[in-house]
Amino acid sequence: MKARLTCIASMAIIAALFSISIRYVRDFWLLAFVNSFQLHIAVLAALACIICFLVLRSRLFVALLAWSLVLAAHAVSMQYDFVTDRQYPADAKPFRLMSFNVLRENRRSAESIADAILSSQADVVYIMEAAALRSVLPRLQQTYPHRLGCGAGTASCDLLMLSKRPLRDARIGTLSYVSPERAGFAQIDLGGVTLNLAQVHLTKPYFDENHGEELLNLSSVLRSMQGPVILGGDFNSASVVPDMRRFMENVELEKVSWEPATWPIKAGRFGIAIDHVFARKPATLISVQRMPNNLGSNHYGLTADFMIAAE
């Protein structure tokens, strides 16, 4: 009986660890979503190994525990890659961004979300699945007179960019046929400094290889931009996933360490960060805070502060 239990428990743990270890051999898109949970899976596997060892006393669980701890340690170390140095010149200008996937069906919370946007004191707001906010657009326009999306630049109302300053060269783009018109780009003048704004809502990573292809296309666009860049939105993937790490390296983006968890809502702070805010120098990311309430959405929103310097 003990041998049978050892076999069953060890096979379950091996399967879990193997699923998050394939990334070290090959970036397999079917497991991209699993890779977002590398730390969670590794920690749970380690706890399972300890319990199984105490009950079954098999040396196999010692080896599996070591495997789990290595994977967990690497997941932790990756949180400190691409981290902002928070260094900026004395003449840099402050800037605040709010980014929030409000959930398309979340119309009943439109007024509450509008209240949160207006109280955020953000210079620019990125909204995903913005159709829920159609009814409050006139109210928001009083504070944010310039916008891209929801009738401005496109008839669709998925991406919405709101700004207190005029948007220059504002356009909605498509990164793949799976998610049309889910990339927004614009520029604003910030006291003589041209700041590049980029907003995305990427497809889910388990839809074939489209997530990686969208990141490649986005990389090409961002690398063509001159000067500071601020990128935010719903990436549907954690920054520890291989295609996200390649993307950040290629575009020279920076993030905060231990990004706030934004999904799933019920997991709270123990969820994963699939909504991100990144910056490229000479835009310096200072902090990213999670909104205290999800306001009826299936994501938490983010508020980020930057210091923007001239190129």
Between a residue in segment 116-127 that is under 17 Å from residue 230 (Cα atoms) and at pLDDT 95 or above and any residue that is surrounded by fewer than 24 Cβ atoms within 10 Å (Cβ to Cβ) and polar (S, T, N, Q), which pairs come within a Cβ distance under 6 Å, given they are 6 or more apart or on different chains?
124/163
Could you list all residues from segment 114-149 that are aromatic (Phe, Trp, Tyr) and within 23 Å of the chain's Cα centre (by Cα)?
126
Within segment 205-243, how many residues turn out to be out of contact with any Phe, Trp or Tyr (no Cβ under 7 Å at 6 or more places or on another chain) and outside any helix (DSSP H, G or I)?
15
Search segment 174-233 for residues being under 19 Å from residue 146 (Cα atoms) and surrounded by fewer than 16 Cβ atoms within 10 Å (Cβ to Cβ), and hand back the single one that is modelled with the lowest pLDDT.
191
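Yes/no per residue for (1) closer than 19 Å to residue 280 by Cα; (2) part of a loop (DSSP other than H, G, I, E, B); (3) among the hydroxyl-bearing types (Ser, Thr, Tyr):
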position: 154; (1), (2), (3): no, yes, yes
position: 172; (1), (2), (3): no, no, no
position: 179; (1), (2), (3): no, yes, yes
position: 196; (1), (2), (3): yes, no, no
So if I check each of 277, 251, 288, 256, which one is touching a helix residue (DSSP H, G or I) at 6+ places or on another chain (Cβ under 6 Å) and among the β-branched types (Val, Ile, Thr)?
251
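Quick one: count up the residues across segment 177-220 that are of a type in the set (Ser, Thr, Tyr) and under 23 Å from residue 252 (Cβ atoms).
Taking segment 177-220 as the starting set, the residues that turn out to be of a type in the set (Ser, Thr, Tyr) are 177, 179, 194, 203, 206, 219-220.
Narrowing further to those that are under 23 Å from residue 252 (Cβ atoms): 194, 219-220.
Qualifying residue count, segment 177-220: 3.
Taking the conditions exactly as written (small (Gly, Ala, Ser) and touching a Lys or Arg at 6+ places or on another chain (Cβ under 8 Å)), does residue 257 satisfy them or not?
Numbers: small (Gly, Ala, Ser): yes; touching a Lys or Arg at 6+ places or on another chain (Cβ under 8 Å): no.
In short, no.
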Residues of segment 243-254 being surrounded by fewer than 17 Cβ atoms within 10 Å (Cβ to Cβ) and in contact with a Lys or Arg (Cβ under 6 Å, 6 or more places away or on another chain), in sequence order, are 252
Selection over segment 256-311 where residues are surrounded by fewer than 18 Cβ atoms within 10 Å (Cβ to Cβ) and within 12 Å of the chain's Cα centre (by Cα) yields a count of 1
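The values are calculated or read from the model by the stated rules, or taken from the named source; none is laboratory data. Remember, predicted model here, so these are calculated numbers, not experimental data. Virtual Cβ from ideal backbone geometry, glycine too; neighbours counted across all protein chains shown.
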